[in-house]
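Notes for the one structure printed next.
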Amino acid sequence: MFTKGRIYILALCLTIAAWLPAQELSDQARISLITCAPGQELYARYGHTALRVCDPVNDLDYTFNYGVFDFEVDHFYWKFVKGETWYELGATPTWWFMREYREENRPVYEQVLNLTAEQREALWMALLTNYAPENRKYLYNFVFDNCATRPYVLIANALGDTILSEYTGYTGITYRRFIRHYTGALTWSNAGINLLFGRKADRPMRSKDRLFLPEELMLFMQQAHLSDGTPVVSSGEVAPFVIARTPWYATWPLGLALYFLVVLAISIYDRKRQRWSWWVEVVAGVPYLALLLIVGFLTFFSCHPLVGFGWRLLIIPLTHLCARLVYIVR
């Protein structure tokens, strides 16, 4: 059984070895927007987007994927948060691309794009240009430049017209609330994201800002049309993502409550014996100081636009202070 990292490495090897003919597509060719449902890992909870090019006449069926990376590289999540993660465009046989998602029981939705022959050829040539070795890599940005935004830009350029849609989705919702929908409001991962995100994450998203997440792009495109009313998608069934619920025993409020009770118990004990357990402040303060240093470093040196100081960083010291009031207040 392949690990996730090995699957991506093998897929990357296939992209390097794959031969993609730079020839015109036949009249039977179709290009589709592929949307994959979320997975269990943190990086997979937002789903995934790709473009499929299928031409039975030329025996061509490849999926172009802007999400190829090796998450087992040293300090991957640290580099991800800093905004220094290099992704690249991969072109793998569609059967291989689909295999991974079938093994994980993750639904995959396909929307066939309503393209003219000229538009289809323009999109195909753009994909081949982007797939050239000198163009494959790009500096990934979770919000503004990722596996969903790049296919959308390619589609819009090929259509040569403004894409409109009746789907409003999460327009007007902040980035923080939008991301929380996928990570789960009470999960530890969402708590960590909230501590890292600053005030910029509380800005309301405009209409197309939300298309950096695959589900929103999928639903947006399902109702999309050009300025003359021509639908962007000719066929394909879609469904909203099913977000797994976090069990109560794995939520951050429970962890915070247990922390409060432990410190409270120590404070009561300290009051009875009239002695201050200073080591409690050291044990709690050192990790918190490290957190502040990390946030400060990322605020000034990270490429990520949403990282910064916010009031949520005060939750930890305020919880600690409240638990210590039993000893402090005489």
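Just so it is clear, none of the values below were taken in a lab; they were calculated from the coordinates. For clarity, every value in this text was computed on a predicted model and none was experimentally measured. Don't worry about glycine lacking a Cβ; one is built from the backbone with ideal geometry, like all the others, and counts go over all protein chains shown.
Which whole number of Å³ per residue matches the convex hull of the alpha-carbon atoms in segment 256-324?
In segment 256-324, the Cα hull volume divided by residue count equals 80 Å³.
For segment 194-258, just run the numbers: alpha carbon Rg, then divide by 2.2 N^0.38 Å, N being how many residues it has.
1.69
What residues have an amide H closer than 5 Å to that of L60, excluding those fewer than 5 places away on the same chain, when H is modeled at 1.01 Å from N in the peptide plane?
The list, which skips near neighbours in sequence, is D55.
I want to check a number: in the chain, how many lysine pairs have alpha carbons closer than 18 Å, given a sequence separation of 8 or more or different chains?
The result is 4.
Quickly estimate the mean residue ellipticity at 222 nm for the chain, helices only: each DSSP H run with n ≥ 4 gives -39500 (n - 2.57), and the total goes over all residues, rounded to 500.
-14000 deg cm²/dmol
Taking the Cβ of I173 as the center, what net charge do the other residues with Cβ under 14 Å away carry, scoring Lys and Arg +1 and Asp and Glu -1?
In short, +3.
Suppose R0 equals 25 Å. What FRET efficiency, 1/(1 + (r/R0)^6) with r the Cβ-Cβ distance, do R245 and D202 give to the nearest 0.05?
FRET efficiency, R245 to D202: 0.50.
Quote the Stokes-Einstein diffusion coefficient, in whole µm² s⁻¹, for segment 162-223, based on the Kirkwood radius over alpha carbon pairs, a temperature of 4 °C and a viscosity of 1.567 mPa s.
Translational diffusion coefficient: 105 µm²/s.
For segment 292-308, what does the Karplus curve 6.51 cos²θ - 1.76 cosθ + 1.60, with θ = phi - 60°, yield as ³J(HN,Hα) per residue in whole Hz, taken in order and with x for Gly and Pro?
Values, residue by residue: 4, 5, 5, 4, x, 4, 5, 4, 9, 10, 7, 7, 6, x, 9, 6, x Hz.
Relative to the longest principal axis of the C-alpha atoms of the chain, give the angle of the C-alpha long axis of helix 315-328, reported between 0 and 90° and rounded to the nearest 10°.
For 315-328 against the chain, the angle is about 10 degrees.
What's the FRET efficiency of W311 with F144 using the Cβ-Cβ distance as r and R₀ = 22 Å, to the nearest 0.05?
0.30
Can you tell me the orientation of helix 4-17 relative to the chain, as the angle in degrees between its alpha-carbon axis and the longest Cα principal axis, to the nearest 10?
Approximately 30 degrees, to the nearest ten.
Within a Cβ distance under 10 Å of A117, other residues only, what is the Lys/Arg minus Asp/Glu net charge?
-3
Provide M218, M205, M125 in ascending order of the number of other Cβ atoms located within 10 Å of each residue's Cβ, fewest first.
Going from least to most buried by this count: M125, M205, M218.
What percent of all Cα-Cα pairs in segment 169-299 falls into each 5 Å bin, going from 0 up to the bin containing the maximum distance?
Result, from short to long distances: 2, 8, 12, 13, 14, 12, 10, 8, 6, 5, 3, 2, 2, 1, 1, 0 percent.
Please list, in order, the residues from segment 235-269 whose amide nitrogen is less than 17 Å from a point placed 7 Å along the Cα→Cβ vector of I328.
Taking a point 7 Å out along Cα→Cβ of I328, the residues of segment 235-269 whose backbone N falls under 17 Å are 260-269.
Amide H of V307: which non-local residues (sequence gap of 5 or more, or other chain) have their own amide H closer than 5 Å, using H built in the peptide plane?
Those qualifying (amide H under 5 Å, at least 5 residues apart or on another chain) are G198.
On a full-extension model of 0.36 nm per residue, what is the gain between W279 and L164, subtracting their alpha-carbon distance, rounded to one decimal in nm?
In short, 35.4 nm is gained.
Using the number of other C-beta atoms within 10 angstrom as an exposure proxy, rank S32, S234 with the fewest first.
Final ranking by Cβ density, sparse to dense: S234, S32.
Can you tell which of W86, W278, W252 shows the greatest fluctuation in a Gaussian network model of the chain with Cα springs below 10 Å?
Most flexible of the set in this elastic network: W278.
What's the FRET efficiency of N105 with C303 using the Cβ-Cβ distance as r and R₀ = 56 Å, to the nearest 0.05?
Working from the Cβ atoms, E equals 0.95.
Would you order E215, E110, E104 from fewest to most other beta-carbon atoms within 10 Å of each residue's own beta-carbon?
Result, fewest neighbours first: E104, E110, E215.
Output ³J(HN,Hα) for segment 195-200: one whole-Hz value per residue in order, computed from phi by the Karplus curve 6.51 cos²θ - 1.76 cosθ + 1.60 with θ = phi - 60°, and x for Gly and Pro.
6, 7, 6, x, 5, 4
Write down the radius of gyration of the chain and its Dmax, each obtained from C-alpha positions, in Å.
Every Cα atom of the chain included, Rg and Dmax give 23.9, 86 Å.
With Cβ to Cβ distances under 15 Å as the rule, what net charge do the other residues near T230 carry (K, R +1; D, E -1)?
Result for the local shell: -3.
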